[in-house]
Amino acid sequence: MRIAALLILLSLRLVCHAQEENWRTIPSVTDWIEEINNWPDSVYRQNKIEVRIDPVKDRHIAWQTMDVFDSILASSVKRTHITKHIVVYDIRFRWADLGSFNPIVIGNLHFEKPFEMYYLENSRFAFFNSVFDDIYQPRLMKTRFFLNHYHCKFKRINLNNPVAPTPIGFFNCQIESELHISAIDDTPSLRLENCDIPYLEVQNKVSSIYIDSCRFLIGVNLVRLNIETAIDIYNSELGSISIQGTELPSSNTYIPFSNLENKLALYWSSEVGDALNEFKKNPKTLDLDSMLSLFYWGRSDEELLRKEAFDQLIASYYKLLNIYKIRGESDSYNTAYIEMRNKMTARSLLLYERDPTFNRYFDYQINRFTRVFSDYGTRPAKAIVIFFQVVLAFSIFYFFFPSSWNTTNSRKLMGRLSYLGSYFKSNEGLSDLFEKETKDQYRDYEEFKSFMSTSEKELPVYFKWLSKPLYNASTSRFNLTRSVLKRTDILDGKWADLPAGRKATTSFLIGIYLFVYLIWVLIIRCLNAITLSLNAFSTLGFGEIPTRGLARYVTIVQGFVGWFLLSIFLVSLIGQILN
């Protein structure tokens, strides 16, 4: 048994040794580049090569850590040019005394032709400060921990089918046309930071996507994508974004709608594919407006009438709305919902114009009203502002119509002016005129006092206890008013008999009193009009409506308007609370 085990181990070692012998070793990256540039064919095609890192010969193009980036960027070291089309299968880079597990950074290179790399076997690998004049195409990668790119410039990138869940990163990079990522068997993760990428296309499935401070001139196309873990998009500028058929992780999706506002589209037609293919071949010919006009936005009349495309676009909005609702992102939810409903309102108007039935008209008007009133129920505070505007408008109307709540009317004003006229014409003071004006009311109090005095012995004692405080309380206002008028009386005799100076002073002071009185009357009338409007609007009920004529019917109309607006407001408020 032991002999059999030893034979198996020996066989495995011989097989592994034979496999290792199949790999050709190149002593340094510098030697590898020299071999490529001197290759007799136009295409450098190799497989199973191991490129060693020579710390001396490769000091300007290979590093083990990323701590040297700033110093290298600040230095004047020129990039090394590689002039051949490269196609390599099964390649790995190693430090002379370390394995492929350790980080390796290759940089300061300029690839003038396409670079195709299949089955990269480094666990941690990065390109730095390099230029790729043609397509950069790493495929079927075995990189398990990361394949990163720092401060690089690309024409076009095609990353396909890694055979390990490779984290792929681009940091401070510029891509002239497209970054395309597709995976079927394993799920890479994608990280983009501070990059300028005209067009990003991700297909099939990925583990996660993280995008921060990037610019996508054309847009981001997530093509029937299954995102397993998370997607985050921060502070990025997008020309458009399509999520048609994409599965977004509901609890781990963070895409503030401020990044997507008016950017959600469908890459719907074959014309889009043809235009994108042409752009990939020759990015310099890009006409951005023409390109974006080929996408489906749901804006024009022609687009709104394409039901299938419109339904797909609305489905994209609902996909985002469900995520915002689950995560409690109310601002993004409301903004996305308003944008979606605006498109639906525009379509309802178009359908009504083509088929003017009552139902279509009602649908359009309800959409239009809820948009104006509360932004489709997303902003109840906007409805409150409209409430006050409606109440104020009706208040202005009621101001000019009589109401039983208005105790000061034109007749009373004339009486007040007659009272002041009598004051100017007579030798009596204000207190005397006040006594005459209120003598009937004051007589009732005196008659009450006389009755209680003469009936004191014929009534229980508690009548006396109650009647005296009641009499004092009732007459105190009259006594106080009379006392104040007596002390503040500025007219001694008839106004016509006063000297000129005194006459002018008296006229001025009485005029101020009259002005203040008129202002007070206007304020009270305004308050009564607002109170009447609020009562009618809130449909609290009056018992008897305290107005007559046209205003009586206007209050009924306002009551219906108030009921309708309040109902919509309550629905909006409850919807926001539930959300």
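The values are calculated or read from the model by the stated rules, or taken from the named source; none is laboratory data. Being a predicted model, the structure only gives us computed values, none of them experimental. Cβ atoms come from the backbone with ideal geometry, glycine included; neighbour counts cover every protein chain shown. Quick note on the areas: whole protein, heavy atoms, side chains included, nothing else; ligands and nucleic acids left out. Shrake-Rupley method; radii C 1.70, N 1.55, O 1.52, S 1.80 Å.
Structure data summary
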{"item": "Single condition CYS526 does not satisfy, out of (1) more than 24 Å from GLU446 (Cβ to Cβ); (2) at pLDDT below 75; (3) not polar (S, T, N, Q)", "result": "(2)"}
{"item": "Looking only at segment 278-291, and only at residues there that are surrounded by fewer than 16 Cβ atoms within 10 Å (Cβ to Cβ) and modelled with pLDDT of 85 or more, the one that is farthest from MET344 (Cα to Cα)", "result": "ASN282"}
{"item": "Odd one out for LEU313, checked against (1) surrounded by fewer than 17 Cβ atoms within 10 Å (Cβ to Cβ); (2) within 22 Å of LEU225 (Cα to Cα)", "result": "(1)"}
{"item": "Any hit, segment 175-186, residues being at pLDDT below 90 and either in contact with a Gly (Cβ under 7 Å, 6 or more places away or on another chain) or open to solvent by less than 30 Å² (accessible area, probe 1.4 Å) (or both)", "result": "yes"}
{"item": "Residue, nearest to ILE168 (Cα to Cα), within segment 209-222, restricted to residues that are open to solvent by 10 Å² or more (accessible area, probe 1.4 Å) and without any contact (Cβ under 8 Å) to a residue 24 or more places away in the chain", "result": "TYR210"}
{"item": "From TYR254, TYR199, TYR234, residue being surrounded by 23 or more Cβ atoms within 10 Å (Cβ to Cβ) and not aliphatic (A, V, I, L, M)", "result": "TYR199"}
{"item": "Selection within segment 160-174 - hydrophobic (A, V, I, L, M, F, W, C) and open to solvent by 20 Å² or more (accessible area, probe 1.4 Å)", "result": "VAL163, PHE171"}
{"item": "Single condition PRO198 does not satisfy, out of (1) under 23 Å from the mean Cα position of the chain (by Cα); (2) in contact (Cβ under 8 Å) with a residue 40 or more places away in the chain; (3) farther than 23 Å from PHE310 by Cβ", "result": "(1)"}
{"item": "Subset tally (residues that are open to solvent by 50 Å² or more (accessible area, probe 1.4 Å) and of a type in the set (A, V, I, L, M, F, W, C)) for segment 292-305", "result": "2"}
{"item": "Qualifying residue in segment 402-410 (condition: in a helix (DSSP H, G or I) and modelled with pLDDT under 80)", "result": "yes"}
{"item": "Residue list for segment 124-159, filter: open to solvent by 30 Å² or more (accessible area, probe 1.4 Å) and either out of contact with any strand residue (DSSP E or B) (no Cβ under 8 Å at 6 or more places or on another chain) or of a type in the set (S, T, N, Q) (or both)", "result": "ARG144"}
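Quick grid of which residues meet (1) modelled with pLDDT under 95; (2) at positive phi; (3) part of a loop (DSSP other than H, G, I, E, B):
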site: LEU192; (1), (2), (3): no, no, no
site: VAL202; (1), (2), (3): yes, no, no
site: GLU228; (1), (2), (3): yes, no, no
site: ASP232; (1), (2), (3): no, no, no
site: GLN244; (1), (2), (3): yes, no, yes
site: SER258; (1), (2), (3): yes, no, no
